[in-house]
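Chemist: The following block contains the structure, expressed as structure tokens.
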Amino acid sequence: MTPLGAISNAALTATPWRLERRLEVDARRTATCRILGAVGALAVAGILLLITGRNAFWIFWQALDAVFGSQRGIEGVILRAIPILMTALGVALSLRMKVWNIGSDGQFLIGALAAVGVGIHVDGPGWLVLITMAVAATLAGAVWMLVPAFARAYWDVNEIITTLLLNFVALQLVTWSALGFWRDKAAAVIQSTREVPFTLAGLPGAQSVTIALLVPLVIAVVLWWVFRSTTIGYEIDTIGGNPRAAGFAGIAVPRRIMVVMLFTGAIAGLGGMLQLSAPGAQAMNAGFSAQFGLSGFIVAALAGASFVGVIVGGLFIAAMFYAGLVLQTKGLSVYIIFAIYGVILTGIALGEIAAGYRLVRRDKEGDDDGGAAESAAVPPEAERMGGNS
Amino acid sequence: MILAIIENAFLSLIGSAIPASAVVMLAATGAMLGERVGVLNLGQEGLIGIGAVYSVIAVLSWGVESPWVAMLIGMIAAAVAGLIFAVCVVAFRASQVLVGLALALGGIGLSNQLGTNRNGTPIQTLFREVNPGGVLDDNDLVSAFLFHDPVVYIAYIGLPVVLWFALFRTRHGMNMRAVGENPAAADAVGVSVTGWRIFYSVLGAALTGAGGAYMVLSFTPTWSPDIARGRGWIALAVVIFAGWRPGWAVAGALLYGSMISLDTTAQARGWGLPFLGASDLSFLLSMLPYVVTLVAILIPAGAVKLGRRVRSTAAPAALAIPYSREER
């Protein structure tokens, strides 16, 4: 028995149930448990809010109203979902190989910075400049990943810290550009870079959402197809499963790791350009990335490297994010939202583990029981574990 | 002229580098303690925040008058957070990366929230510099180099020596390393892998909390949001740079500290270069601590790959891998 099993079974001695480890855990059950973990964590967060004297129900209602109450709310969610989806897709891609890209915030910022550089210095037809900006951003995101990717692929240097350290460098670089070399000298109040005079075309019927929304959707479909139907996708999954075995099977593991990591940087970098090309967001300052990399990371963790899951999870986290922004104007601090993020992430991690267990009745020991016990097994597990966070 | 600048710079660097990275040193020791038994705690940034904010609360709201007691309270708070983390990842075997990041996020959020009403309030309950006075006191260099808070000596000398001795010169330390390298073998000789992992990661969290407490009780000395400012991540990088050896962590922390104080010194003195104004130079220098830390991680690993083995750079073999008898 694992410690978990021992503890849980001790807690269950009074009941006719017993925890048993599953021999096989399929992806769908893991996904369900992750989501239940996140929901359980939200419930825990709500209870914590209630304990600290805040009306969680009112907050929840306000959040729902902020998101679904108007077209503005829905578009606000989508506007935030675009950068989150881009960083999440990058992280999810690297997670396929069990590589943790914590630096998507940095790659996102550098991509946007490259796009600003092109946008304020190059003159020409708008569509051409925008395409150049997108190319520059994609390349810049990949270049920002170059050192961590090389170090991980060829020198076995853990990528978590290297990618994260570069976030700080990127943030300083953006601050420098906004206060220094690309500063908009006309703007007095908020110091930022000069404004890029081009924006992407709006979606038909939308007030503020542009065709940028199509980019993460297309990338998600392409990635889904690559992992479903191509050799490269299969090789990447093999590396994720067991890099040694992949090497013995003749896969060029270091090169694959390097290339995939560069792609994750490129996607996040392009995300920076998409954010920059939205109307009203055409200049950069130090607050340009409102934790988009971090949110993307949570989405990828929630989706567990499933690209369709990223789209759904991205919209969910973006909705939370937008609701959080609205709630800030109603007295809920941004710090509490951070703390709730932490609780959710813990819930996801615990849900993932809970997926490996099921409750069985003691009198039916060893039985391969049906779905009833299984589906009943998951929610209390996920919730109780969320309660530890 | 240039000589004078270099001499001044050296004094300022030494003077401010040591206290500037005492936090990093404490957090790195805490992280290393957990990692030696196989638990990777990415939540250092959050633990520093929790340790700091509870020390502030102890001093400002609970009327604690001794910095040591305030630090202890910060350490206990961080240890509680570390216990939640340890139970999730060791007992429940949840992903150390995910829960660690959750702790980083949650810790930053929680500490900022708790500190909201205490922003910028100066802290009066401070650690006092150890200063024997007399002849030595007249010399700037000596005093900058030698005279610090007691916590600084503990961080740079006491803890590394104790940890080194415990890890490499005692049977207990050998068992600790076994838990981090080969938990199945440790289990087989009767060491409780779960118990040791939880105990040492909680102790490590308390040390990191002490780092946060030191920040507000001596270094800043006031509460401000995001108090850790990346030092928790730097500490994790220092552990890698150090190759999980306490002595090398001192070198790593001082390297980071001197980069930080290079920046502050340059700002304070308005240094500039012929092609770069003072403000631009300062932006450039503010990136330096992170870039230098990154390079410092890469060099030993690269040297190993190129066949010039300086020292061991290998992580504990079971780092971040949950242990379960069933999967042995």
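Chemist: From B:Glu65, B:Glu45, which residue is among the acidic types (Asp, Glu), touching a residue at least 40 places away in the same chain (Cβ under 8 Å) and within 14 Å of chain A (Cβ to nearest Cβ)?
Modeler: Details: B:Glu65 fails: within 14 Å of chain A (Cβ to nearest Cβ).
Matching residue, one of B:Glu65, B:Glu45: B:Glu45.
Chemist: Ok, one more. Can you tell me which of B:Leu217, B:Leu236, B:Leu288 is of a type outside the set (D, E, K, R), touching a residue at least 24 places away in the same chain (Cβ under 8 Å) and within 18 Å of B:Gln44 (Cβ to Cβ)?
Modeler: Details: B:Leu217 fails: within 18 Å of B:Gln44 (Cβ to Cβ); B:Leu288 fails: within 18 Å of B:Gln44 (Cβ to Cβ).
The conditions single out B:Leu236.
Chemist: Among the listed residues B:Ala228, B:Ala237, which satisfies the condition of being in contact with a Leu (Cβ under 7 Å, 6 or more places away or on another chain), crowded, with 20+ Cβ neighbours inside 10 Å and within 30 Å of B:Phe85 (Cα to Cα)?
Modeler: Working: B:Ala228 fails: in contact with a Leu (Cβ under 7 Å, 6 or more places away or on another chain).
Step by step, each of B:Ala228, B:Ala237 is checked, and only B:Ala237 is in contact with a Leu (Cβ under 7 Å, 6 or more places away or on another chain), crowded, with 20+ Cβ neighbours inside 10 Å and within 30 Å of B:Phe85 (Cα to Cα).
Chemist: Shifting gears a bit: Out of all the residues in segment A:284-316, which are over 12 Å from the mean Cα position of the chain (by Cα), surrounded by 21 or more Cβ atoms within 10 Å (Cβ to Cβ) and over 25 Å from B:Gly46 (Cα atoms)? Give the steps one after another, and end with the answer.
Modeler: Of the residues in segment A:284-316, the ones over 12 Å from the mean Cα position of the chain (by Cα) are A:284-290, A:308.
Subsequent filtering for residues that are surrounded by 21 or more Cβ atoms within 10 Å (Cβ to Cβ) retains A:284, A:288-289.
Once the filter is applied, which keeps residues that are over 12 Å from the mean Cα position of the chain (by Cα), surrounded by 21 or more Cβ atoms within 10 Å (Cβ to Cβ) and over 25 Å from B:Gly46 (Cα atoms), segment A:284-316 yields only A:Met284.
Chemist: Another one. Could you list all residues from segment A:151-183 that are more than 9 Å from chain B (Cβ to nearest Cβ) and closer than 19 Å to B:Lys305 by Cβ?
Modeler: Within segment A:151-183, A:Arg152, A:Ala153, A:Glu159 meet the criteria.
Chemist: Still on this structure, I have one more. Given the conditions (1) of a type in the set (Val, Ile, Thr); (2) crowded, with 23+ Cβ neighbours inside 10 Å; (3) modelled with pLDDT of 95 or more, and given that B:Val161 satisfies all but one, which numbered condition is not satisfied?
Modeler: (2)
Chemist: Condition check: under 19 Å from A:Arg34 (Cβ atoms), in contact (Cβ under 8 Å) with a residue 24 or more places away in the chain and within 12 Å of another protein chain (Cβ to nearest Cβ). Does B:Leu83 satisfy that? Give the steps one after another, and end with the answer.
Modeler: Details: under 19 Å from A:Arg34 (Cβ atoms): no; in contact (Cβ under 8 Å) with a residue 24 or more places away in the chain: yes; within 12 Å of another protein chain (Cβ to nearest Cβ): yes.
So B:Leu83 fails the test.
Chemist: Right, here's the next one. Quick one: would you say A:Gly331 is in contact (Cβ under 8 Å) with a residue 60 or more places away in the chain and small (Gly, Ala, Ser)? Working first, answer last.
Modeler: Working: in contact (Cβ under 8 Å) with a residue 60 or more places away in the chain: no; small (Gly, Ala, Ser): yes.
No, not satisfied.
Chemist: In segment A:317-338, which residue that is away from chain B (no Cβ under 14 Å) and in a loop (DSSP other than H, G, I, E, B) is surrounded by the fewest Cβ atoms within 10 Å (Cβ to Cβ)?
Modeler: Selected residue: A:Thr329.
Chemist: Which one of these does A:Gly351 not meet: (1) part of a loop (DSSP other than H, G, I, E, B); (2) at pLDDT 85 or above?
Modeler: Just one mismatch for A:Gly351, condition (1).
Chemist: Only residues that are closer than 30 Å to A:Ala283 by Cβ and free of Cβ contacts under 8 Å to residues at least 24 places away in the same chain: list them for segment A:203-232, please.
Modeler: Here is the first cut: in segment A:203-232, the ones closer than 30 Å to A:Ala283 by Cβ are A:203-220.
Within segment A:203-232, A:Leu203, A:Pro204, A:Gly205, A:Ile211, A:Leu214, A:Val218 qualify.
Chemist: Could you check, for segment A:280-294, whether at least one of its residues is within 13 Å of another protein chain (Cβ to nearest Cβ) and closer than 18 Å to A:Ile219 by Cα?
Modeler: Yes, there is a match, as at least one residue in segment A:280-294 is within 13 Å of another protein chain (Cβ to nearest Cβ) and closer than 18 Å to A:Ile219 by Cα.
Chemist: If you don't mind, another one. Just to be sure I understand, how many residues within segment B:86-135 are within 14 Å of chain A (Cβ to nearest Cβ), surrounded by fewer than 20 Cβ atoms within 10 Å (Cβ to Cβ) and outside any helix (DSSP H, G or I)?
Modeler: 1
Chemist: Next question. Would you mind finding the one in A:Ala43, A:Ala66, A:Ala38, A:Ala81 that is more than 30 Å from A:Ala281 (Cα to Cα), crowded, with 18+ Cβ neighbours inside 10 Å, small (Gly, Ala, Ser) and at pLDDT 75 or above? Steps first, answer last, please.
Modeler: Details: A:Ala43 fails: crowded, with 18+ Cβ neighbours inside 10 Å; A:Ala66 fails: more than 30 Å from A:Ala281 (Cα to Cα); A:Ala81 fails: more than 30 Å from A:Ala281 (Cα to Cα).
Unique residue meeting the criteria: A:Ala38.
The values are calculated or read from the model by the stated rules, or taken from the named source; none is laboratory data. From a predicted model like this one, the values you see are computed outputs, not experimental measurements. Here the Cβ is made from the backbone with ideal geometry for all residues, glycine too, and neighbour counts use every protein chain on show.
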